[in-house]
1. List the lysines whose Cα lies under 21 Å from the Cα of Lys115, skipping any in the same chain that are fewer than 8 positions away.
2. What do you get for the angle between helix 107-117 and the principal long axis of the chain? Use alpha-carbon atoms, 0 to 90 degrees, nearest ten.
3. If ligands, DNA and RNA are left out, what is the accessible area of Ser95 with a 1.4 Å probe, given in Å² to the nearest 10?
4. Give the range of the longest stretch in the chain that excludes all chymotrypsin sites (Phe, Trp or Tyr not before Pro) found in loop regions by DSSP and having at most 16 other beta-carbon atoms within 10 Å.
5. How far apart, in nm, are two points set 7 Å out from the Cα along the Cα-to-Cβ line at Asp50 and at Leu326?
6. Taking only Cα atoms, what is the 0 to 90° angle, nearest 10, from helix 226-239's long axis to the longest principal axis of the chain?
7. What is the Rg over Rh value, at two decimals, for the chain, using alpha-carbon atoms and the Kirkwood definition of Rh?
8. Residue-wise, which Karplus ³J(HN,Hα) couplings in Hz belong to the range 303-311, taking 6.51 cos²θ - 1.76 cosθ + 1.60, θ = phi - 60°, and x for glycine or proline?
Amino acid sequence: MSKNIIITGGAGFIGSHVVRLFVNKYPDYTIINLDALTYAGNLENLKDIDSKPNYKFVKANILDVPAIEKIFDEYHVTDVIHLAAESHVDRSIVSPLDFVYTNVIGTVNLLNVAKTKWAANLSGHRFYHISTDEVYGSLGETGLFTETTPYDPNSPYSASKASSDHFVRAYRETYHMQTVVSNCSNNYGPYHFPEKLIPLFIHNIIQKKPLPVYGDGLYTRDWLYVKDHALAIDLVFHEGKDGETYNIGGFNEWKNIDLVKLLCAQMDQKLGNAKGTSEQLITYIKDRPGHDRRYAIDATKINKELGWKPTVTFEQGLSETIDWFLQNSSWLENVTSGNYQNYYQSMYNNR
Ligand code: NAD
Ligand code: DAU
């Protein structure tokens, strides 16, 4: 069946992988990439598919309701996959309101427009909201986040994502919109913006700059290759049950310092450095305020109900990611010129 799907945030890291997958896999669908092109949005991420007939890009902000309405009318939008967000925890600590506007109000704007435009047949349309495991807060040494773990967000970013998840739930309960939500763990892979741990450290190793590890470096994250997340999103969109939440994770927990040492070793090998060269760049710096100690996802539900599981090991995914960054040095140079330098100075100097 043909569909006209808005993918918000399609020029960002995960969104670009989702757009690419859908455009290539579903030639009968029209994929409308709705993105404001903030610092994190980059049309270079999609240049391999941007001339495909089933791909459209519209530069629009989800805070601009008339613009969203116009897109719904023009493209007879049947479904929404919503990824647009402010996504970096450190930025949320400096500018929480930006996260309230885009992540909370932007999501409610999209829900409102969809509800109005789909009013004649609400059950024939799906609103898929992409969320994060950070809404569940922090784990101790043991345990995993399941779909029924109570929300307990600690950063302005996770509070804004939790709020948007609650609005999606409220629109389903109150207005009977057909919604589905997934909460995923930390992604990594090609096109990852170098403000996040893995691409930042790849960039700094190439530049021989310090690797700024927060606090004691013993914080734990559950890492998933971005292409496996995109495959999960495809499955949840097509086969997930209305009203359900699905946790998505890599079954792949790493303490930051162990991950950084693996990354250093792989980089040294690929760059032809002597063993131990990049590890010398590790520098412990002041911790992130409110830093969540450990995230880990129980992805049993999506595995049992939809048959999803990660397709690559962490070592493979990390190696492919490093190769991509080394082969795409102009992409990295472009995104780290200009305002990125100011961001880096204000985030890392005097810390
Ligand atoms: P990203 O920061 O790389 O990309 C965000 C995209 O949204 C950019 O293209 C940006 O231009 C666009 N955008 C931002 N504000 C907008 C606005 N007001 N209007 C329209 N477009 C706007 O983010 P990402 O890492 O790809 O994350 C995508 C989604 O997945 C987010 O909702 C995030 O919360 C969620 N998520 C991310 C991860 C992760 O590890 N990166 C894990 C779980 C969930
Ligand atoms: O868990 C899912 C979330 O993962 C997503 O919802 C977010 O959008 C995404 O940014 C990511 O959040 P994190 O805060 O976990 O990712 P980040 O890459 O910023 O940090 C990963 C870990 O590394 C975290 O414990 C903080 C630490 N860190 C990060 C940076 C940028 C450092 O030690 N030094 C750094 O310079």
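The values are calculated or read from the model by the stated rules, or taken from the named source; none is laboratory data. All values reported here derive from a predicted model rather than from experimental measurement. Using ideal geometry, Cβ is built from the backbone for each residue, glycine included, and neighbour counts are taken over all protein chains shown. Protein only, heavy atoms only, side chains kept; ligands, DNA and RNA dropped before computing areas. Shrake-Rupley method; radii C 1.70, N 1.55, O 1.52, S 1.80 Å.
1. Partners within reach: Lys3, Lys70, Lys161, Lys241.
2. Approximately 20 degrees, to the nearest 10.
3. 40
4. Details: sites that count: Tyr39, Tyr151.
Counting at most 16 other Cβ atoms within 10 Å as exposed, the longest clean stretch of the chain is 152-351.
5. Taking the simple label geometry, Asp50 and Leu326 are separated by 2.8 nm.
6. That works out to roughly 20 degrees.
7. On the way: Rg = 19.7 Å, Rh = 20.7 Å.
Taking Rh as the inverse mean 1/r over Cα pairs, Rg/Rh reads 0.95.
8. For the range 303-311, the Karplus curve yields 5, 6, 7, 10, x, 8, 8, x, 9 Hz.
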